[in-house]
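Below: the structure, in C-alpha cells.
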Amino acid sequence: MAILTLLVSLTNPFYDGNFFLPIRSLSMFSNPSGLGVSPGAEAFVTYNPETERITAGASAGYLGFGYIKEDTFQIYEVGVGYSLPGAFTVGYAYEFGDTSVHILGVECRPNQQLALSYKTGFGEKKYMFGGVGIMPYLHYITLNFGLAYEGIDDTMAIYYGARITPIRGLSVFFTADKEFNWNAGLELSFGYGKIAGMYSYETTKFSGGLLISSQKYETFLP
C-alpha cells in the first residue's frame, strides 16, 4: 500500500517534474518535510477520470492533511514539518485508513541550485524514497532523479523528470520511469490559485487539478 500511495503522488499533476521539492499542502503523500519549507495556508484537489481517483490536501502553518480515494480504497494522512537552523527541514506523517504507515522525511537545500530529499515508511509496508533536484538556472529549469525501494517485496523503481518555466507562472513538465512510461503536462499560476493538467502515455488519459493558496505564487498576470 505504501508504494501505491507513492505512485499516486507521482501521477498528481502538481507533483510531476518537481516531485522531490514539495512545499505546503503538496507535501502530503510526497514528503512531510516540505510542510516546514514555506509555511502557509492552502488546499488542492486533483482528479483522474480513468480510475476516478481523487487526491486532496490542505495545510496551515506547519501542519497538513491529505486524502486519497480510488474506488473503495481510501487513505488519510496527517503530517507536520519543521525547518531546522541551516539547510535542513524535517517532517513526520501518519497514514491510516486502508493502510497504516508512519513516515519520516528530511530535505536539505544547501543553496538555490540543489535540493536533496529522502523519506522512509514504517508499517504494513517498509519503503524508502530518495531523490535529488537540480536547478541550474534557478527557477527556470528543475531536473529531478529519484529512487524508490520497497523492502518486503524487494522491488525498486527509478524516476526522472524536468520542469521548465519559460515565463513566470507558467510551467511545463515531463516525468518517466525506467520503462519510459511518461507523463507530460502544464501548470498555470494566477497568483493565489493554480490549475494543472497532465497526460499519461501509459493510460492515454488526462488528469487535472486546482490549488488555492493564501500566499501568492509567481504569476503570468500583470
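Quick notes
- One residue stands out among those in region 38-84 that are touching an Asp or Glu at 6+ places or on another chain (Cβ under 9 Å), assigned to a loop (DSSP other than H, G, I, E, B) and of a type in the set (D, E, K, R): the one that is farthest from LEU188 (Cα to Cα), which is ASP71.
- Look at region 78-107: where a residue is closer than 13 Å to PHE65 by Cα and surrounded by fewer than 15 Cβ atoms within 10 Å (Cβ to Cβ) and a partner is β-branched (Val, Ile, Thr) and modelled with pLDDT of 95 or more, sitting 6+ places away or on another chain with Cβ atoms under 9 Å, you get PHE96/VAL78.
- Filtered by the rule that a residue be in a strand (DSSP E or B) and either loosely packed, with under 15 Cβ neighbours inside 10 Å or touching a residue at least 60 places away in the same chain (Cβ under 8 Å) (or both), region 165-183 gives PRO166, ILE167, SER171, VAL172, PHE173, PHE174, THR175, ASN183.
- Answer residue from region 129-152, given it is aliphatic (A, V, I, L, M) and at pLDDT 85 or above and is farthest from PRO110 (Cα to Cα) among those: ALA148
- Close Cβ contacts (under 7 Å, 6 or more residues apart or on different chains) running from residues in region 20-41 that are within 11 Å of SER83 (Cβ to Cβ) and touching a residue at least 40 places away in the same chain (Cβ under 8 Å) to residues that are among the aliphatic types (A, V, I, L, M) and crowded, with 24+ Cβ neighbours inside 10 Å comprise GLY34/LEU26.
The values are calculated or read from the model by the stated rules, or taken from the named source; none is laboratory data. Predicted model only: the values in this text are computed from it and were never measured. Glycine gets a Cβ as well: all are built from the backbone with ideal geometry, and neighbour counts include every protein chain shown.
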